[in-house]
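Read through the structure below, which is laid out as structure tokens, and then see the notes.
The values are calculated or read from the model by the stated rules, or taken from the named source; none is laboratory data. What you see is a predicted model, and the numbers here were worked out from it, not measured in a lab. Because the Cβ atoms are built from the backbone with ideal geometry, glycine has one as well, and the counts that use them run over all protein chains shown. SASA here: full protein model, heavy atoms, side chains in, ligands and nucleic acids out. Shrake-Rupley method; radii C 1.70, N 1.55, O 1.52, S 1.80 Å.
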Amino acid sequence: MFKSIALAVLLIAPFAARAEHKPPPPPHSLRLYVFNCGSLDISDPERFRFHKEELATTNMSVACFLIVHPKGTLMWDVGAVPDSALKPGEKSATEGYATITETLKSQLEAIGYEPSDIKYVAFSHYHYDHVANANMFAGSTWLARKVERDGMFADKLPNDKMNPANYSALKNSKTILIPTDDYDVFGDGSVVMKLAPGHTPAHQVLFLKLKKTGPIVLSGDLYHYPEERKLKRVPTFEFDQAQTAATREKIEAFLKQSGAQLWIQHDYIANSKLKKAPQYYE
Ligand SMILES: [Zn+2]
């Protein structure tokens, strides 16, 4: 008797464990979740061509985004500090400029998703503060620009603040190398990655067409401080400053034409006012 119960438990347990997790059913229309991926404490805004007094705050927000489309999910930018740095029982973890107070995984789980549920992952660009949890999404399909991917795995890294250990698992991920300036992720024009080079060789922004909220562009690092946009200042450490200026003009024209709002991802004050997951924009 005991033996057969034990055997039954052994047989059923793996299936039961697998059946426990089901991602939420796909929504009828596009959703955007904003996660708290920490902040950057910038002590040297001169790198951005600003004196402290010219800025409302020198702090920057770090946001991660989950786009949920009826046909699948896309993670856009995955933080500045990997979840593993936040030890159990600790309230925060700091690495360099960046501090987190909660993990990305816990925020995903709070809305019903495991990292393995996520269909696509993409980054505005390869800097450390946008790719810290990349390894978590190695099972997703990576939507990448070739020159950025090549830079990430080059013998000589293109930027001195990159941390390859945080994205090494992507090397073997299923990858789509985007051949066009615009890339329509789900084929209906509602989620479009747009090439916006200058900050890095193939930096990109993300256009979203939300039903209630209206169109939005997630900036990547087209700008960092909102004052950059107002005063047309280009950071000192761009891959190509002239290209950044030209790209900004192109994207500003697109914003006018599309009527989209620009969400500057590092804008600390604007980000603090956004709804955070489990709430969402639709
Ligand atoms: Zn950044």
Handout entry: region 89-168: trypsin sites (Lys or Arg not before Pro) falling in loop per DSSP and having at most 10 other Cβ within 10 Å
Key = K91, K156
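With a cap of 13 neighbouring Cβ atoms within 10 Å, and only residues DSSP puts in a loop, list the trypsin sites (Lys or Arg not before Pro) found in region 184-264. Don't skip to the end; give the middle numbers.
Working: sites: K194, K209, K211, K212, R229, K230, K232, R233, R248, K250, K256; in loops: K211, K212, K232, R233.
Here the trypsin sites (Lys or Arg not before Pro) that fit, given the DSSP loop and packing criteria, are K211, K212, K232.
Can you bin region 110-185 into rounded, prolate or oblate? Criterion: square roots of the alpha carbon gyration tensor eigenvalues sorted a ≥ b ≥ c, rounded for a/c under 1.5, prolate for a/b above b/c, oblate for the rest. Mind dumping the intermediate values first?
Details: a/c = 1.87, a/b = 1.24, b/c = 1.51.
In terms of gyration-tensor shape, oblate.
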Exercise for the section: Write down the percent of antiparallel bridges among all DSSP beta bridges whose residues are both part of the chain, to the nearest 5. Expected result: 75
Practice task
Can you tell me the dipole magnitude for region 79-164 around its Cα centre, using point charges on the Cβ only (Lys, Arg +1; Asp, Glu -1), in Debye to the nearest 20?
Solution key: 200
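Two decimals, Cα atoms only, Kirkwood Rh: what is Rg/Rh over the chain? Write down the numbers at each step before the final one.
Values: Rg = 20.0 Å, Rh = 19.8 Å.
Here Rg/Rh amounts to 1.01.
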Problem - Largest-first principal axis extents of the Cα set of region 72-203 (Å) - result: 46, 37, 24
Problem - Computed Rg/Rh of region 161-228, alpha carbon atoms with Kirkwood Rh - result: 1.02
Exercise for the section: Using Cα positions and a limit of under 18 Å, work out the aspartates and glutamates in reach of K156, with same-chain residues fewer than 8 apart set aside. Expected result: E148, E238
Practice task
Report the one residue of V205, N172, L222 whose Cα lies farthest in the direction of the positive end of the charge dipole of region 161-224 (charges on C-beta: Lys and Arg +1, Asp and Glu -1; origin at the Cα centre).
Solution key: N172
Problem - Student exercise, region 161-239 dipole from Lys, Arg, Asp, Glu Cβ charges, in Debye to nearest 20 - result: 220
Practice task
Among Q265, Q204, Q107, determine the one that fluctuates most according to a GNM of the chain built with springs between C-alpha atoms less than 10 Å apart.
Solution key: Q107
Fill in the blank from the handout: Quick calc, the chain, dipole around Cα centre from Cβ unit charges on Lys, Arg (+) and Asp, Glu (-), nearest 20 debye, gives 800
Practice task
Measure off 7 Å from each Cα along the Cα-to-Cβ vector at T180 and Q261, then give the distance between these two points in nanometres to one decimal.
Solution key: 2.8
Practice task
Using a/c under 1.5 as the rounded threshold, could you call region 14-88 rounded, prolate or oblate? The axes a ≥ b ≥ c are square roots of the C-alpha gyration tensor eigenvalues, and prolate needs a/b larger than b/c, oblate otherwise.
Solution key: oblate
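For the chain, what does the accessible surface come to per residue with a 1.4 Å probe? Please give it in Å².
Numbers: 13720 Å² over 282 residues.
Per-residue accessible area for the chain comes out at 49 Å².
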Fill in the blank from the handout: With a 26 Å threshold on alpha-carbon distance, the violating pairs from K71/K273; K146/K230; K22/K174; K171/K256; K146/K273; K105/K232 are K71/K273; K146/K230; K171/K256; K146/K273; K105/K232
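State the percentage of accessible surface on region 16-115 attributable to carbon and sulfur atoms; use a 1.4 Å probe and exclude ligands, DNA and RNA. Mind showing how you got there, number by number?
Values: 2420 of 4680 Å².
Here it works out to 52 percent.
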Handout entry: Two-decimal log10 I(q)/I(0) for region 169-282, as the Debye equation yields it once each C-alpha is a single scatterer, q = 0.11 Å⁻¹
Key = -0.40
Completion exercise
With Cα springs under 10 Å, the Gaussian network model of the chain assigns the largest mean-square fluctuation among S61, S258, S43 to S43
